[in-house]
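The values are calculated or read from the model by the stated rules, or taken from the named source; none is laboratory data. Keep in mind that this is a model prediction, so the values were computed, not measured. Glycine also receives a Cβ, built like all others from the backbone with ideal geometry; neighbour counts cover every protein chain displayed. For the accessible areas, the whole protein counts, side chains as well, though only heavy atoms, and no ligand, DNA or RNA atoms are used. Shrake-Rupley method; radii C 1.70, N 1.55, O 1.52, S 1.80 Å.
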Amino acid sequence: MKGLVVGNSQCGILYSAYKSLAEEIRIELDFFAAPGGNGPCLTLCQDPLSIQFKFLSDRSRKYFKSNVTDDPKFKIRIEDYDFVLLSGVGDAALRKQFNLVENKAVVSGICDSNSQRTLPLISKSVYLSILENRLRRNPSCINISTVGSLCDKLGKKLFVQMFPLPTPNLVDQEHFSMQHFGADLGRFLSWRYCERSRLISEIHSATSFEILDYDKKWIRDGFFPDEFAYKDAWHPKVGEWFVLNRLSQLSL
């Protein structure tokens, strides 16, 4: 079985794991990646029937990586693969330098109302409306419909790996900006992750795809375990787990 993995920096984490596990799994994978948590942006090509990267920045083009080609304009033929995995789907890391609602407010009903808060509360419905608007404009999410239409036409399976939860060392990092969630941060991140998955499934309900999800306990906790911690909490070293427990199962 041969699969195509397309994504952002999360794709690189899978590739490193795949190289170390290649002899243990019965699956062949080709990787195409460009950095940027909200991407990449993919377009359809008709001759030949394929997908191609559309770079949103010079940095993204410069750091394009693949184990197949060095050409960032390479046309990827879906018909050459049994399945496609879109890696790192969903809005990117919640960092303080971004103009995000998470840095400005706390979600009502998720956080302890008896705790002292320095920022205002917003309702769940308002927050979810903001999140849905983000996802509808997010290139990594739009790729589901773009690539899905081609997979449907060619009879190929489409899978999605969500942009991950962080590891607990998030709170110790310079870019951490959600101190106002206090002890409820994990609860918020868990709720947000589940709602993001639900919204993506609803937005792309006309497309056939399956989310290859992470361990249910991690999702309930709102954090990946410490054992996956990396210098950047939003890039947990979960590659080997995902390759062994999700991708390798596709060949069974």
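Numbers below:
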read-out: Net dipole in debye of the chain [+1 Lys, Arg Cβ; -1 Asp, Glu Cβ; about Cα centre; nearest 20]; value: 620 debye
read-out: Heavy-atom accessible area per residue - the chain, 1.4 Å, Å²; value: 48 Å²
read-out: Relative contact order, percent, the range 1-145 [alpha-carbon distance under 8 Å, six or more residues apart]; value: 27 percent
read-out: P(r), alpha carbons of the range 1-58 - 10 Å bins starting at zero, rounded %; value: 21, 45, 28, 7
read-out: Proximal aspartates and glutamates relative to K231, as straight alpha-carbon distance under 17 Å, when same-chain residues fewer than 8 apart are discounted; value: D172, E174
read-out: Within the chain, helix-based [θ] at 222 nm, where runs of 4 or more DSSP H residues each add -39,500 (n - 2.57), nearest 500; value: -9000 deg cm²/dmol
read-out: Mean Cα-pair separation over length for the range 132-220, i.e. relative contact order, pairs under 8 Å, 6 or more apart, %; value: 48 percent
read-out: Per residue convex hull volume, Cα atoms of the chain, in Å³; value: 127 Å³
read-out: Accessible carbon and sulfur surface of the chain relative to its total accessible area, %, 1.4 Å; value: 48 percent
read-out: Cross-link reach list, aspartates and glutamates versus K73, counting only Cα pairs under 14 Å and skipping chain neighbours closer than eight places; value: D47, D58
read-out: Leading residue at positive end of dipole, the chain (Cβ point charges), from A22, W218, L44; value: L44
read-out: Mean separation of Cα contacts under 8 Å (6+ apart) over length of the chain, as relative contact order %; value: 23 percent
read-out: Magnitude of the charge dipole, the range 170-252, Cβ model with Lys/Arg +1 and Asp/Glu -1, debye to 20; value: 220 debye
read-out: Estimated dipole of the range 1-90 in Debye, rounded to 20 [Cβ of Lys and Arg +1, of Asp and Glu -1, Cα centre]; value: 380 debye
read-out: Whole-Hz ³J(HN,Hα) from phi, Karplus 6.51 cos²θ - 1.76 cosθ + 1.60, for the range 235-243, glycine and proline x; value: 10, x, 7, 9, x, 5, 4, 5, 5
read-out: Relative packing of 197-206, 216-225, which averages over residues the other C-beta atoms within 10 Å, highest first; value: 216-225, 197-206
read-out: Among the listed pairs K65/K157; K96/K156; K19/K217; K62/K217, those beyond 31 Å (Cα-Cα); value: K96/K156; K62/K217
read-out: Top positive-direction residue, dipole computed over the range 136-252 with Cβ charges, set Q179, F228, L150; value: L150
read-out: Candidate aspartates and glutamates for bridging to K153, where Cα separation is under 12 Å - those fewer than 8 sequence places away on the same chain excluded; value: E79
